[in-house]
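Single-structure report; data block below.
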Amino acid sequence: MLKQLILENWKSFRYAELPLDPLTVLIGTNASGKSNVVEALEFLQRVARGEKIETALVGDKIFPSIRGGVEWAALKPETEFILKILVAGEDEKTDYLYAIKIQTLPEVKVSEEYIQSQRVKGDFSTSDIEKFQLFSPHTLLDRSDNKSNLKRAESIIDISGMPPKLLEEISSKLNNNININELVTELNRNYLPLKNRIKDRIALSINRILLINPIPSKMREYSSLSDTLESDGSNIAGVLAALDSEQKSEVESTLSAYIKDFPEGDIKRVFAEPVGRLKTDAMLYCEEEWKPGEMTLIDAKTMSDGTLRFIAIITALLTRPEGSQLVIEEIDNGLHPSRAELLVRILREIGSKRKIDILLTTHNPALLDALGPEIVPFVVVAHRDRETGESKLTLLEDIENLPLLLASGSLGRLATKGAIEKSLSDNKQS
């Protein structure tokens, strides 16, 4: 699971930390930097999937460009940026910080990439000195008397990613005429499996991010059978239809139960079926009951935008692997204020049950009010520094006069009035 995202010189941010909890809410006015945060996660995912750095920024025929491409990836006038992400370890004692530094000028390249272990003590994490270097050569140990001995080991085994403590131990053993073949066997058995397991865990955590922004017009078409939901929801019918019969029945039953109160009409059932002679494509359907006992079957082509977006979000929650991170930008698009409470309840129930963490951005006052006062510790405000123009992330509960603000109105009301951003600006000036 992802626990934190750190941005350094990324787009409009000089430095910012975003904690990632089971439900994290990112708010802020237009052009405050919310989308830049989401795009950082998107960039990391593209890199984790093996895309070239420049392609990950400018896009290709398959996926679009990160806004601004290479030119605006780094905060002006900087020519490099760093993204870091903290991943929970296999136990509760150790987390792993993945960091990647990208140079944008004079050429686009990775200038540093590493994984750093962190020992977790209580509510705090303390970083130790061990680093697993991935792309960069190991330069932490530069004692001349060790170099020749280390080269003996390096000719047999890749030592470029070993922690400095371990390298010193290797050198000491080599100087004491320890059999190098026995040493290599020991390292292969103990250290390398750990290193690869940590790499795999981080790659899996990043790859399990789904940035979802359903586009109803694309959801109305037939889609091929698939086991992975696209970020625009275009293949939702194909995903549902491709599930095995038991899982399909369970997912569609749960989906139907949650969505029945969402639209104006009473939806009794939502389902997908393969179509055509070859049954390789699918269409999304629902059954509505406007009059008691009278059922009307419609397909996605006639469903409303709001209904389709709602179906896509719930389907993502129900079909993603446990331990995934769901990122929903502008979740309030197409959402009527009266349905905000229903959506919040669904996010919490399914997210908690299936161990799926959710990061959402919103402008919707009704949604913020539906989240209730208990969400305050998990709300992050994106805002701009009035002097430098740089974006910043501030935990809502860290605002000095928050109790006074909340006493004057609900969170949604404060957002509508711009009182939160005003308070941050006033605190900066004072």
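Can you confirm whether residue 277 is basic (Lys, Arg) and in a loop (DSSP other than H, G, I, E, B)?
On the way: basic (Lys, Arg): yes; in a loop (DSSP other than H, G, I, E, B): yes.
Here the answer is yes, as residue 277 does meet what is asked.
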Inspect all residues belonging to the stretch 417-428 and state whether any of them is modelled with pLDDT of 90 or more, of a type in the set (Lys, Arg) and closer than 28 Å to residue 76 by Cα.
-> no
Inspect all residues belonging to the stretch 247-258 and state whether any of them is more than 30 Å from residue 98 (Cβ to Cβ), touching a helix residue (DSSP H, G or I) at 6+ places or on another chain (Cβ under 6 Å), aliphatic (A, V, I, L, M) and at pLDDT below 95. yes
Being within 26 Å of residue 361 (Cβ to Cβ) and acidic (Asp, Glu) narrows 261, 266, 200 down to just 261
The residue that is surrounded by the most Cβ atoms within 10 Å (Cβ to Cβ), considering only those in the stretch 282-308 that are assigned to a helix (DSSP H, G or I) and of a type in the set (Val, Ile, Thr), is 307
Taking residue 270, is it in the same structural domain as residue 313 (by TED's automatic domain parsing), in contact (Cβ under 8 Å) with a residue 40 or more places away in the chain, surrounded by fewer than 20 Cβ atoms within 10 Å (Cβ to Cβ) and not charged (D, E, K, R)?
-> no
Flagged in the stretch 84-111 as over 11 Å from residue 1 (Cα atoms) and either of a type in the set (Gly, Ala, Ser) or not in a loop (DSSP other than H, G, I, E, B) (or both), in numbering order, are 84, 94, 97, 98, 99, 100, 101, 102, 103, 109, 110, 111
Here the residues within the stretch 205-217 that are surrounded by fewer than 16 Cβ atoms within 10 Å (Cβ to Cβ) and either without any contact (Cβ under 8 Å) to a residue 24 or more places away in the chain or over 30 Å from residue 91 (Cβ atoms) (or both) are 217
All conditions in (1) over 19 Å from residue 239 (Cβ atoms); (2) under 17 Å from the mean Cα position of the chain (by Cα); (3) of a type outside the set (A, V, I, L, M, F, W, C); (4) surrounded by 15 or more Cβ atoms within 10 Å (Cβ to Cβ) are true of residue 352 except (4)
Inside the stretch 3-28, the number of residues satisfying the requirement of being basic (Lys, Arg) and free of Cβ contacts under 8 Å to residues at least 24 places away in the same chain is 0
Of (1) under 25 Å from residue 351 (Cβ atoms); (2) modelled with pLDDT of 95 or more, residue 98 satisfies every one except (2)
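Of everything in the stretch 29-56, what is polar (S, T, N, Q), under 23 Å from residue 383 (Cβ atoms) and in contact (Cβ under 8 Å) with a residue 40 or more places away in the chain? Give them in sequence order. If you could, list the steps in order and put the result at the bottom.
Filtering the stretch 29-56 down to residues polar (S, T, N, Q) leaves 29-30, 32, 35-36, 45, 55.
With the extra rule that they be under 23 Å from residue 383 (Cβ atoms), the set shrinks to 29-30, 32, 35-36.
29, 32, 35, 36 - these are the residues of the stretch 29-56 that are polar (S, T, N, Q), under 23 Å from residue 383 (Cβ atoms) and in contact (Cβ under 8 Å) with a residue 40 or more places away in the chain.
Would a scan of the stretch 206-217 turn up a residue that is among the polar types (S, T, N, Q), in a loop (DSSP other than H, G, I, E, B), in contact with a strand residue (DSSP E or B) (Cβ under 9 Å, 6 or more places away or on another chain) and modelled with pLDDT of 95 or more? Don't jump to the end; show me each part of the working.
Restricting attention to the stretch 206-217, the residues satisfying the condition of being among the polar types (S, T, N, Q) are 207, 213, 217.
Now narrow it down to the ones that are in a loop (DSSP other than H, G, I, E, B): 213.
From what's left, in contact with a strand residue (DSSP E or B) (Cβ under 9 Å, 6 or more places away or on another chain): 213.
The next check asks that each one be modelled with pLDDT of 95 or more; those that pass are none.
Checked against the condition, which is being among the polar types (S, T, N, Q), in a loop (DSSP other than H, G, I, E, B), in contact with a strand residue (DSSP E or B) (Cβ under 9 Å, 6 or more places away or on another chain) and modelled with pLDDT of 95 or more, the stretch 206-217 yields no hits at all.
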The correct count of residues that are surrounded by fewer than 13 Cβ atoms within 10 Å (Cβ to Cβ) and in a helix (DSSP H, G or I) in the stretch 231-249 is 3
Within the stretch 309-342, restricting to residues that are part of a helix (DSSP H, G or I) and closer than 21 Å to residue 34 by Cα, the one that is modelled with the lowest pLDDT is 340
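The values are calculated or read from the model by the stated rules, or taken from the named source; none is laboratory data. All values reported here derive from a predicted model rather than from experimental measurement. Here Cβ is always computed from backbone atoms with ideal geometry, including for glycine, and neighbour counts include all displayed protein chains.
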